Amino acid sequence: MANTIDNSVLSNMNLGAAAKQTQGTSQELSDSFMTLLVTQLKNQDPLKPMENAEMTSQLAQINTVNGIQDLNSTLEGITGQIDAGQTLQAAALIGQGVLVPGDRVLVGQGSDEVDGVATTPFGVELDSAADQVKITITNEAGEVVRTFDVGALDAGVESFTWDGTLSDGQTMAPSGSYRVNIAATLDDKPVTVTALNYAQVGGVVKTASGPQLDLGATLDPVALSDVRQIL
């Protein structure tokens with residue numbers, strides 16, 4: 001009597017084909033599995049024929065493989081559409097000013113002119129409301145040059161502009177890069193806060209994880225999800 005093809009062997013082949021995403025088309029896979037199934041039927045033990053449940057299980061696995069391939073094709077198409085949509089959204093931001101996570105403030109260059117001093121805006125993002133928010137600005141040496149007691153803020157994003165004056169209210173800050181530190185509390189308990197800095201979108205960079213915004217040589221590219229506010 002001819003050798004039989006064990007049912008578990010066929011099952012493993014079916015699952016292996018699905019896991020490895022065989023290069024053949026869905027129709028080719030169906031043809032191959034049907035050939036194996038017919039061969040198994042021809043070589044089965046007449047005294048122990050394949051039961052209906054076993055045959056149904058084999059046919060179900062064939063349909064599963066076909067379904068996986070069809071699903072993969074559909075997901076690839078959806079992913080491509082999402083990437084294209086995100087690229088268009090990112091391209092629409094070219095030339096726009098945005099607030100993204102960061103603590104940099106520039107004096108002597110930027111988008112806002114206050115009393116003849118150009119400064120870049122900055123922002124605060126609060127996970128929850130705070131009854132006390134304090135902003136501290138330091139120079140490159142780490143020295144405090146200005147502080148602001150903002151008071152209470154609701155959860156979300158708020159943008160601010162520093163006029164460039166130092167703690168005495170008269171002296172103007174020299175041109176350069178400064179840092180913003182933000183502390184927020186509610187009932188004397190810390191509230192999670194994120195500092196946001198200003199940047200201008202210069203272009204779109206295509207990456208494996210999706211389009212990213214080019215913010216210039218001094219800042220790393222960021223994803224669309226990093227944009228907290230468009231100014």
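The set of residues in region 197-217 that are closer than 27 Å to T136 by Cβ, over 18 Å from the mean Cα position of the chain (by Cα) and touching a residue at least 40 places away in the same chain (Cβ under 8 Å) comprises N197, Y198, A199, Q200. Evaluate region 150-157: report whether one residue or more is touching a Ser or Thr at 6+ places or on another chain (Cβ under 7 Å), modelled with pLDDT of 95 or more and either of a type in the set (A, V, I, L, M, F, W, C) or surrounded by 12 or more Cβ atoms within 10 Å (Cβ to Cβ) (or both). Checking region 150-157: at least one residue is touching a Ser or Thr at 6+ places or on another chain (Cβ under 7 Å), modelled with pLDDT of 95 or more and either of a type in the set (A, V, I, L, M, F, W, C) or surrounded by 12 or more Cβ atoms within 10 Å (Cβ to Cβ) (or both). Residues of region 148-176 that are more than 17 Å from Y198 (Cα to Cα), part of a loop (DSSP other than H, G, I, E, B) and over 32 Å from the mean Cα position of the chain (by Cα): L166, S167, D168, G169, Q170, T171, A173, P174.
Tell me, yes or no, whether region 134-147 has at least one residue that is closer than 26 Å to V201 by Cβ and within 31 Å of the chain's Cα centre (by Cα). Yes: one or more hits. Applying the condition of being in contact with a Leu (Cβ under 9 Å, 6 or more places away or on another chain) and either outside the structural domain of D188 (by TED's automatic domain parsing) or farther than 29 Å from Q96 by Cβ (or both) to region 120-144 and asking which residue is surrounded by the fewest Cβ atoms within 10 Å (Cβ to Cβ) yields D131.
Condition test on L186, is it under 17 Å from G97 (Cα atoms) and of a type in the set (A, V, I, L, M)? Spelling it out, it is not the case that L186 is under 17 Å from G97 (Cα atoms) and of a type in the set (A, V, I, L, M).
The values are calculated or read from the model by the stated rules, or taken from the named source; none is laboratory data. Just so it is clear, the structure is predicted and the values come from calculations on it, not from any experiment. No Cβ is skipped: glycine too gets one built from the backbone with ideal geometry, and neighbour counts run over all protein chains shown.
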